[in-house]
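Single-structure report; data block below.
The values are calculated or read from the model by the stated rules, or taken from the named source; none is laboratory data. Predicted model, so just to flag it, every value in this text is computed and none were measured. Heads up, the Cβs are rebuilt from the backbone with ideal geometry, glycines too, and the neighbour counts pull from every protein chain shown. Only protein heavy atoms, including side chains, enter the accessible area calculation; ligands, DNA and RNA are left aside. Shrake-Rupley method; radii C 1.70, N 1.55, O 1.52, S 1.80 Å.
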Amino acid sequence: MSTTVSPVLTGTWQLDPVHSGVDFEVVYLAGTFKGKFRELAAQLGVEGEQARLEGTARVSSVEVGDENLSAHLQSPDFFDAERHPELQFTAEGIDLGRSEVAARGEITIKGVTRPVDVTGTISSPIADPQGNDRIGLQLTAVVDRTAFGVNWNNPLPSGEPSLANEVRIITDLQFVKSA
């Protein structure tokens, strides 16, 4: 059930990268493989109850708990960080009048841009201890990695692929508007 949120102040909100994250999950072998991007940039432009979100994640900041695997993810088999150093996302017309949000945006991975639907929640604005206004925006999207040219796989003895094509992207973003 979606509830009404307090109005978000018109203007430009800057990402607080320390308190934000972009994670991903994909079925691999007998479980779920998870990773995250540490270097993020984003801006939320608000006009009335509508917003525009623009954000990037540095491919070189991918973290999966293993240095060799992080390096493989940066190779041409996956994100090709040398040729495509950033992932990009934009969405317009995000309705901020309810706690539940949904929008159609565009995501660019490995130089390929595709439409993507995102859903999630937004918090009402709060004042932080320094007197700045803050909001939280959590969004989730599902993409087919092969649509972006991320085709690597390692077949199992059964012939089935070890890595699923469907990838879930989870963002937990905090935005700040200076007092």
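A few remarks follow.
- Solvent-accessible area, 1.4 Å probe, carbon plus sulfur percent, for the chain: 50 percent
- In the chain, the DSSP-assigned H stretches of four residues or longer account for a calculated mean residue ellipticity at 222 nm of -1000 deg cm²/dmol, using -39500 (n - 2.57) per stretch and the full residue count as denominator.
- Per the Debye formula on identical point scatterers at the alpha carbon atoms of the range 83-153, with no solvent, log10 I(q)/I(0) at q = 0.14, 0.17, 0.28 Å⁻¹ is -0.57, -0.74, -1.21.
- Å² per residue, accessible surface of the range 16-69 at 1.4 Å: 57 Å²
- Here the dipole of the range 21-111 is about 60 debye; that uses its Cα centre as origin and unit charges on the Cβ of Lys and Arg (positive) and Asp and Glu (negative).
- Applying the Karplus relation 6.51 cos²θ - 1.76 cosθ + 1.60 with θ = phi - 60° to the range 54-62 yields 3J(HN,Hα) values of 10, x, 9, 9, 6, 4, 5, 9, 4 Hz, where x marks Gly and Pro.
- Average projected area [Cα convex hull, the chain], square nanometres: 11.4 nm²
- In a reduced charge model with +1 at each Lys and Arg Cβ and -1 at each Asp and Glu Cβ, the chain shows a dipole moment near 80 debye about its Cα centre.
- Positive-end extreme of charge dipole, the range 63-179 - chosen from Leu87, Leu163, Phe175 (charges on Cβ): Phe175
- Counting Lys and Arg as +1 and Asp and Glu as -1 over every other residue whose Cβ lies under 14 Å from the Cβ of Leu40, the net charge comes to -4.
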